[in-house]
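The next block holds one structure in the form of structure tokens; read it before the comments.
The values are calculated or read from the model by the stated rules, or taken from the named source; none is laboratory data. Every value quoted in this text rests on a predicted model; they were computed, and no experiment measured them. Cβ sites come from the backbone with ideal geometry, for glycine too, and all protein chains shown count toward neighbours.
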């Protein structure tokens, strides 16, 4: 029961530190990790190693994609490129179906990259389009998520090394599967 109370206290600290005291979320998470380590009674000689290995494992897996995607998104937003891209997409596809437009953009971007990278990179464009077209940011987020996730799992180009390594399919069958995945994904979008 004490462990649960410590966890609740650490979560309350994270929420209060970021919302009320406006502390940076990354610093808050590091402080919360140290507080939790001391509260759970970890030996002080292993606390730093445990925290760095935990954060290192997360950052090594997906953190770099998120950090670089956030940097790209910030650059797009600050330079005005996100608004320019939003205007170009709106001009090309029209204002009638904004969520379909966002889903199609996710479709195009998710072909060469995985869905998490595409979503993070396109987040500033999604926000600019939602503001420009006066549409709910949540509905645009869902449209972007469905556009990127569906295509990543139906027809990702990143599966090719996996298929070759595992000898799962021949090249002809892979190309046929890839093209049928593209077609099916486009059909599901409509």
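If I go through region 92-128 residue by residue, how many of them are in a helix (DSSP H, G or I) and farther than 17 Å from residue 74 by Cβ?
16
State whether one or more residues within region 6-14 are under 22 Å from the mean Cα position of the chain (by Cα) and either assigned to a helix (DSSP H, G or I) or modelled with pLDDT of 90 or more (or both).
yes
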